[in-house]
1. Search segment 289-317 for residues being of a type in the set (Gly, Ala, Ser) and at pLDDT 95 or above, and hand back the single one that is most open to solvent (accessible area, probe 1.4 Å).
2. Looking at (1) hydrophobic (A, V, I, L, M, F, W, C); (2) modelled with pLDDT under 90; (3) open to solvent by 60 Å² or more (accessible area, probe 1.4 Å), can you tell me which one residue 255 breaks?
3. From 334, 375, grab the single residue that is modelled with pLDDT under 95, under 30 Å from residue 44 (Cβ atoms) and open to solvent by less than 30 Å² (accessible area, probe 1.4 Å).
4. State whether one or more residues within segment 259-270 are among the small types (Gly, Ala, Ser), open to solvent by 40 Å² or more (accessible area, probe 1.4 Å) and at pLDDT below 95.
5. Do we have any residue at all in segment 152-165 that's more than 26 Å from residue 117 (Cβ to Cβ) and modelled with pLDDT of 95 or more?
6. Would you be able to tell me the number of residues in segment 103-138 that are modelled with pLDDT under 95, open to solvent by 40 Å² or more (accessible area, probe 1.4 Å) and within 22 Å of residue 305 (Cα to Cα)?
7. Does at least one position in segment 218-240 carry a residue that is open to solvent by 40 Å² or more (accessible area, probe 1.4 Å), modelled with pLDDT under 90 and touching an Asp or Glu at 6+ places or on another chain (Cβ under 8 Å)?
8. Could you grab me the full set of residues in segment 68-80 that are surrounded by fewer than 17 Cβ atoms within 10 Å (Cβ to Cβ) and either of a type in the set (A, V, I, L, M, F, W, C) or farther than 14 Å from residue 404 by Cα (or both)?
Amino acid sequence: MRRGLAASPVVIAGSLGLAVAVMSGSVDAAEWYLNSRARQDLSYDDNIGLRSAEDEKIAAFGETTSVGAKVGGRSPSLDIGLDALFNFTRFPSESGLNSNDQYITFTPAYTGERLTAEVDAQYIRDTTRTSDIEDSGLFILQNRRREVRRLAPRLVYQLSPVDEASVEGDISDTYYPSGDIRNFEQWGGAGTWTRTLSERTQALASVSGFKVNSNDSGSQNTTYYAAQVGVGHVFTQKLRARFSAGPTLARVNFVFASGGFRFTNTETTLGYGFDGTVDYQYDERLSLQGRVYRTVRPSSTTGVVLEETGFRASGRYGLLQHVSLDLAALYLLRENVGQSVRGGRRDFVSAEPAVLWRLAEDWDVRLGYRFRWQRLDDVDGAPDASSHSVLASLTYRLPPLFMSR
């Protein structure tokens, strides 16, 4: 039997439908719209599961057909959107990796003179073949079905011309029908105060926390708290940056049974976190973004709380009028939190250069190459694993439809 309200997609769908009906009735002079798209991806990966040289590797061609649409309505004060994406993936030589995935997101938002309120309600039904690549890297080839239900409300209030306060929540439930991967739930929230010091500079302070209950039997429960202070600054019209840092506290309670006895163990870990971003718009043709961070969060696959240090970078360069070069790079270091012997370390690197060609207003072609590398556990002789992929995609965006009343 599944747990609570989050266990019923019917209840969630009914609640969202009611919210749409109520909000739609209050939209005056609304503009309703429908945006839809279709995409076909082809790929070849020489090591889909990121296996080391000591293990058997699986190489295969794959294809994914994606169909998506966003329907919504907007007015001066309300914006309602429902986005749905359906992926159908097939590997002709490896049928055990086939899947059909659904991603549904409902985003009602209200904007007033001083108050902004919005909600992200999301339902995900995919597999570990995609969701676990940047997470633990252990369940990629198992291709286990995953279901996620998430609700994230947010309120932003303008206290004064220079002060702004925001409060946000995050409730999610992750479920594996196969029963051989740990289910988990998360409840969390954060509060942030931002003060404008000048036309170019902002100061901020935030507090956040969450609780994770892993497994139906509660074999691992984690409570996490963090506080950060920081500053954001616009150096020029082309360059802006933001950085915040502060202490963290994680308390992990383990419950396990052995020989007919029940044991508990609690670990407390003090640490620190930070988050820095840089945006650089050199001109209309070249843009660069970077982010460096250290945070604690539950694994999206297992629910085990991880300390993550990472660096992300992306950029785009307009080579010709309709041709651009893209680059995305990522480095992640993850370790388990709150255990006497800190294990489960994973180093992960991903780099993906690509060429994007806009054939017409509604058609895009993308050709790319992707490199991935990982190392599990920081011990001598630990085998590395890497993969090389060739990617191609064709995207068609149907002409949008609009209706006003």
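The values are calculated or read from the model by the stated rules, or taken from the named source; none is laboratory data. Because the structure is a prediction, the values reported are computed rather than measured. We place every Cβ from the backbone using ideal geometry, glycine too, and count neighbours over all the protein chains shown. Only protein heavy atoms, including side chains, enter the accessible area calculation; ligands, DNA and RNA are left aside. Shrake-Rupley method; radii C 1.70, N 1.55, O 1.52, S 1.80 Å.
1. Here the residue is 314.
2. It fails just one condition, (3).
3. Going through 334, 375 in turn, just one is modelled with pLDDT under 95, under 30 Å from residue 44 (Cβ atoms) and open to solvent by less than 30 Å² (accessible area, probe 1.4 Å): 334.
4. Looking through segment 259-270, at least one residue is among the small types (Gly, Ala, Ser), open to solvent by 40 Å² or more (accessible area, probe 1.4 Å) and at pLDDT below 95.
5. Looking for residues that are more than 26 Å from residue 117 (Cβ to Cβ) and modelled with pLDDT of 95 or more, one finds none in segment 152-165, hence no.
6. Result for segment 103-138: 3.
7. Looking through segment 218-240, none of the residues is open to solvent by 40 Å² or more (accessible area, probe 1.4 Å), modelled with pLDDT under 90 and touching an Asp or Glu at 6+ places or on another chain (Cβ under 8 Å).
8. Of everything in segment 68-80, those that are surrounded by fewer than 17 Cβ atoms within 10 Å (Cβ to Cβ) and either of a type in the set (A, V, I, L, M, F, W, C) or farther than 14 Å from residue 404 by Cα (or both) turn out to be 68, 69, 71, 77.
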